[in-house]
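Here the structure is laid out as structure tokens; the discussion comes afterwards.
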Protein chains: 2
Amino acid sequence: MKKAVVLLSGGLDSATCLAIARSQGYACYCLSVNYGQKQKVELEAADRVASALGAAEHKTVVVDLGSIGGSALTDDIDVPKDRSDGEMEEGIPITYVPARNTIMLSVALGYAEVLGADAIYVGVNAVDYSGYPDCRPEFVEAFQTLANKATKVGVEGDTISIEAPLIHMTKPEIIEKGLSLGVDYAATHSCYDPDSLGQACGHCDACLIRKKAFEDLGKFDPVLEHLAP
Amino acid sequence: MKKAVVLLSGGLDSATCLAIARSQGYACYCLSVNYGQKQKVELEAADRVASALGAAEHKTVVVDLGSIGGSALTDDIDVPKDRSDGEMEEGIPITYVPARNTIMLSVALGYAEVLGADAIYVGVNAVDYSGYPDCRPEFVEAFQTLANKATKVGVEGDTISIEAPLIHMTKPEIIEKGLSLGVDYAATHSCYDPDSLGQACGHCDACLIRKKAFEDLGKFDPVLEHLAP
């Protein structure tokens with residue numbers, strides 16, 4: 001069976017990405033990164049999602065980005081709440097973690113080399129992407145080129161393929177795809193600012209984007225049930 | 001004063017690289033990575049080198065590559081000893097840490113974004129390089145392209161320049177350059193398999209390469225004094 005490393009944050013996108021990799025016949029080696037995010041509960045979600053979707057393995061690697069700082073996700077900076085669509089479109093938000101996807105893909109690349117994996121799956125998404133530079137197609141292409149130059153298998157003329165199957169999908173399309181593949185979105189976690197019970201706030205960008213996507217499909221986001229009217 | 005992030009392993013190359021960055025007028029923010037290497041003593045060397053060469057700051061970031069494995073530098077695998085030049089040239093050795101330079105540069109990229117740095121200095125070297133794929137000019141070029149796509153400053157049309165000033169230098173040339181800039185190589189550490197006192201073994205590839213380079217210059221490597229006849 002072909003092997004793939006799947007970057008798994010525990011959120012909606014990466015859960016869908018894992019389901020897609022599985023449906024394409026890969027044994028999935030999931031990789032989560034404990035980068036010092038305040039929303040640690042997402043790592044528990046990643047564990048649930050990996051089990052539910054039949055991952056071959058799930059590793060969590062510590063990469064201490066908190067010591068570098070620069071983001072509302074790692075530092076003592078308030079996460080923005082209840083921003084309008086227009087506000088979300090205005091530039092790169094404070095929840096951007098500098099070079100996060102570059103770092104995660106790099107760790108995934110090392111893991112893929114060790115495993116002899118054929119592919120790395122990453123759930124980046126350029127449509128409803130919150131304005132992060134490292135979620136764009138040109139970023140993924142540049143990482144593919146780098147991967148070919150950086151690795152033992154690359155030198156030997158082989159390729160570890162960087163797969164970003166969600167990159168051109170809208171959030172509702174991602175959810176529909178995941179539902180068709182049996183993803184239980186109640187097990188996921190996307191919120192940047194969960195409460196002490198680990199429940200989603202319903203007001204940060206991550207919550208608002210997925211809430212709206214479920215609404216567009218005539219559904220209610222299952223992780224927001226505790227906030228249901 | 002312009003800022004640069006300098007990747008500092010504590011070895012001969014990165015110490016020289018720091019001295020070059022300083023000589024080019026940068027305030028140097030040194031970054032070491034505790035990636036689970038067995039030769040932890042190199043992190044102490046990095047501290048000594050950063051102080052001796054006037055770094056503005058020195059951070060050590062934990063990136064737990066030991067949990068991924070695949071290298072004699074992180075795993076319980078013997079480091080090869082007393083290999084001939086011919087043996088060293090034969091393919092990629094077991095001391096290769098999968099994607100290490102990609103990961104370190106990615107972390108440096110995040111740090112550079114947070115600092116607003118203009119450049120990242122990395123002491124990779126394609127001449128006496130032990131056969132690692134991520135020490136080649138095409139790797140550095142691919143990382144520059146990625147950095148331009150991955151970052152906030154890149155999106156805004158600016159560049160964080162990836163500088164690899166040693167890439168085409170021989171080991172003796174590197175040492176001569178460093179000596180001319182006042183590098184004290186006794187403070188550095190390159191050995192893959194130090195003894196319990198942290199002293200260099202004198203027999204691994206890293207020791208042999210630098211030992212020979214000092215000999216080519218008619219000198220004795222100061223970190224091998226305990227092994228002097």
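Table for the structure above
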| item | result |
| --- | --- |
| Looking only at the stretch A:91-104, and only at residues there that are at pLDDT 80 or above and within 8 Å of chain B (Cβ to nearest Cβ), the one that is surrounded by the most Cβ atoms within 10 Å (Cβ to Cβ) | A:A99 |
| Of all residues making up the stretch B:173-229, the number that are over 21 Å from B:P80 (Cβ atoms), over 18 Å from the mean Cα position of the chain (by Cα) and of a type in the set (A, V, I, L, M) | 3 |
| Filtered residues of the stretch B:32-52 (kept if out of contact with any Asp or Glu (no Cβ under 9 Å at 6 or more places or on another chain) and not in a helix (DSSP H, G or I)) | B:V33, B:Q37, B:K40 |
| Set B:L12, B:L8: member being of a type in the set (A, V, I, L, M), out of contact with any strand residue (DSSP E or B) (no Cβ under 6 Å at 6 or more places or on another chain) and buried (at least 24 other Cβ atoms within 10 Å of the Cβ) | B:L12 |
| Residues (touching a residue at least 40 places away in the same chain (Cβ under 8 Å) and under 15 Å from B:K219 (Cβ atoms)) located in the stretch B:156-189 | B:T170, B:K171, B:P172, B:I174, B:I175, B:E176, B:K177, B:G178, B:V183, B:D184, B:Y185, B:T188 |
| The stretch A:59-77: number of residues that are in contact (Cβ under 8 Å) with a residue 60 or more places away in the chain and surrounded by fewer than 21 Cβ atoms within 10 Å (Cβ to Cβ) | 1 |
| Counted residues, the stretch B:203-229 - those being over 17 Å from B:T170 (Cα atoms) and either polar (S, T, N, Q) or crowded, with 19+ Cβ neighbours inside 10 Å (or both) | 2 |
| In the stretch A:173-183, the residues that are assigned to a loop (DSSP other than H, G, I, E, B) and either buried (at least 23 other Cβ atoms within 10 Å of the Cβ) or in contact with a helix residue (DSSP H, G or I) (Cβ under 6 Å, 6 or more places away or on another chain) (or both) | A:L181, A:V183 |
| Flag if B:G54 is under 18 Å from A:L115 (Cβ atoms) and not aliphatic (A, V, I, L, M) | no |
| Selected residue (criterion: nearest to B:S71 (Cα to Cα)) from residues of the stretch A:150-162 that are surrounded by fewer than 21 Cβ atoms within 10 Å (Cβ to Cβ) and either of a type in the set (D, E, K, R) or modelled with pLDDT of 95 or more (or both) | A:K152 |
| Residue, farthest from A:D158 (Cα to Cα), within the stretch A:91-116, restricted to residues that are part of a helix (DSSP H, G or I), in contact with a strand residue (DSSP E or B) (Cβ under 8 Å, 6 or more places away or on another chain) and of a type in the set (G, A, S) | A:A108 |
| So B:M88, is it in a helix (DSSP H, G or I), within 9 Å of chain A (Cβ to nearest Cβ) and on the phi < 0 side of the Ramachandran plot | no |
| Some residue of the stretch A:4-27 being assigned to a helix (DSSP H, G or I) and among the acidic types (D, E) | yes |
| Residue within the stretch A:62-79 that is out of contact with any strand residue (DSSP E or B) (no Cβ under 6 Å at 6 or more places or on another chain) and at pLDDT 95 or above present | no |
| Residues located in the stretch A:121-172, provided they are part of a loop (DSSP other than H, G, I, E, B), more than 20 Å from B:V155 (Cβ to Cβ) and either more than 16 Å from the chain's Cα centre (by Cα) or within 13 Å of chain B (Cβ to nearest Cβ) (or both) | A:T151, A:E156, A:G157, A:D158, A:T159, A:I160 |
| Unique match (being of a type in the set (G, A, S), crowded, with 24+ Cβ neighbours inside 10 Å and modelled with pLDDT of 85 or more) among A:A56, A:A108 | A:A108 |
| Extreme residue, surrounded by the most Cβ atoms within 10 Å (Cβ to Cβ), among residues of the stretch A:15-53 that are of a type outside the set (S, T, N, Q), within 14 Å of another protein chain (Cβ to nearest Cβ) and within 30 Å of B:E57 (Cα to Cα) | A:V33 |
| Those residues of the stretch A:13-36 which are free of Cβ contacts under 8 Å to residues at least 60 places away in the same chain and over 22 Å from A:K2 (Cα atoms), in sequence order | A:N34, A:G36 |
| Residues of the stretch B:54-75 satisfying the condition of being facing chain A (nearest Cβ under 9 Å) and assigned to a loop (DSSP other than H, G, I, E, B) | B:D64, B:I68, B:G69, B:G70, B:S71 |
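The values are calculated or read from the model by the stated rules, or taken from the named source; none is laboratory data. Here the structure is a predicted model, which is why all the values come from computation and not from measurement. Cβ atoms come from the backbone with ideal geometry, glycine included; neighbour counts cover every protein chain shown.
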